[in-house]
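The values are calculated or read from the model by the stated rules, or taken from the named source; none is laboratory data. If you're wondering where the values come from, they're calculated on a predicted model, not measured in any experiment. Note that we place each Cβ from the backbone using ideal geometry, even for glycine, and neighbour counts take in every protein chain shown. Side chains included, ligands, DNA and RNA excluded: accessible areas come from the protein's heavy atoms. Shrake-Rupley method; radii C 1.70, N 1.55, O 1.52, S 1.80 Å.
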Amino acid sequence: MRDAAAKITQILPPTPLFTSEINGVQVAFKAESLQPVGAFKVRGAWHRLSALDEAARRRGVVAFSSGNHAQGIAWAARRLGIPATIVMPADAPRVKLDATLALGAEVVRYDRATESREGIAGRLAEARGATLVPSFDDPWVIEGQGSAGIEARRQMETAGLGRPTHVVVPCGGGGLAAGIALALEDARVTVVEPVGWDDMRRSLEAGWIEPVGANPPPTRCDSLMTTRVSTLTFDVLSRRGVEGVAVSEAETAAAQRWAAERLRLVVEPGGAVALAALLVGRVRAEAGMLVLLSGGNVDLAAYARVMTG
């Protein structure tokens, strides 16, 4: 993870760390929404792709994503001269699809209700001899995402806030949360998911992997719509004693408005759930707290409705 952090420092400046008072406590907010691709995913993508040898780079990479991992892979691939193919759901936000295409990646669409993105991506990678880069079920990707924790710890210490003691993290497949849990081994970690999509919370409580149930509710948190977490991420979080909570759509929208008003930040729904949990008291504000604002890729029309809602 220290190697991943060092590699990323060479190509990207640190994302800003903001502070704001909540219930009389100064809380730190890591703005991964301000990454070049609008999300933390560029960290894991760069760490994984930059480790490929020349032969593997020529054969290309294949990934699957609703948009943020897609952009991270496309961004890293373009800088490294690697052909990239991304399997994206047909209902992925247009802003994320357009950004992925603009970065030069090939996009293959699929129906998330009837088709398996993992199956499609696996077949493409096998047929092309390409490297498959999952969005969370990969040690390299987890290490890269953990660099956000190393970076934030350094920023908090420099700002006189001490080391992070409790980190609140949005969770889809758990790659970011697992990376943070490994990077900040002395900190308590809480993962946050949308109601009805909180399979990591239920899995951690049960002690085994519980997939999302049938007919989950609609959610604007497209980046967190993972129907089953991986053994790798679950194992890391379970062994670290991580706990989970869930937030509603209304609570997430309120957090997006708070981020805009108090931090002057545009945060997408999936990137705002950790903040939402803090604002509604599902997680209690305390000294040494670090909250990850993991992404800022919004559909402008939908975001405008949230801001005026």
For this session: Write out, first by first residue and then by second, each pair whose Cβ atoms fall under 9 Å of each other, whose residues are 6+ apart or on separate chains, and whose first residue, in the range 1-19, is within 16 Å of residue 32 (Cα to Cα) while the second is surrounded by fewer than 14 Cβ atoms within 10 Å (Cβ to Cβ) and hydroxyl-bearing (Ser, Thr, Tyr).
Result: 17/158
Seminar exercise, completed: If we ask which residues in the range 93-122 are outside any helix (DSSP H, G or I), of a type in the set (Asp, Glu) and either touching a His at 6+ places or on another chain (Cβ under 8 Å) or open to solvent by 80 Å² or more (accessible area, probe 1.4 Å) (or both), their number turns out to be 2
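Residue by residue, here is whether (1) modelled with pLDDT of 95 or more; (2) crowded, with 17+ Cβ neighbours inside 10 Å; (3) in contact with a Lys or Arg (Cβ under 9 Å, 6 or more places away or on another chain); (4) within 30 Å of residue 129 (Cα to Cα) holds:
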| site | (1), (2), (3), (4) |
| --- | --- |
| 13 | yes, no, no, no |
| 16 | yes, no, yes, no |
| 20 | yes, no, yes, no |
| 27 | yes, yes, no, no |
| 35 | yes, yes, yes, no |
| 39 | yes, yes, no, yes |
| 47 | yes, yes, yes, yes |
| 54 | yes, no, no, yes |
| 57 | yes, yes, no, yes |
Exercise. If we keep just the residues of the range 123-152 that are farther than 12 Å from residue 65 by Cβ and β-branched (Val, Ile, Thr), which is surrounded by the fewest Cβ atoms within 10 Å (Cβ to Cβ)?
Worked result: 131
Problem set entry | The lone exception for residue 222 - which of (1) in contact with a helix residue (DSSP H, G or I) (Cβ under 8 Å, 6 or more places away or on another chain); (2) within 22 Å of residue 293 (Cβ to Cβ); (3) at pLDDT 95 or above; (4) open to solvent by 10 Å² or more (accessible area, probe 1.4 Å) it fails | (3)
Seminar exercise, completed: Exactly one of 212, 298, 242 is of a type in the set (Val, Ile, Thr) and farther than 25 Å from residue 88 by Cα, and that one is 242
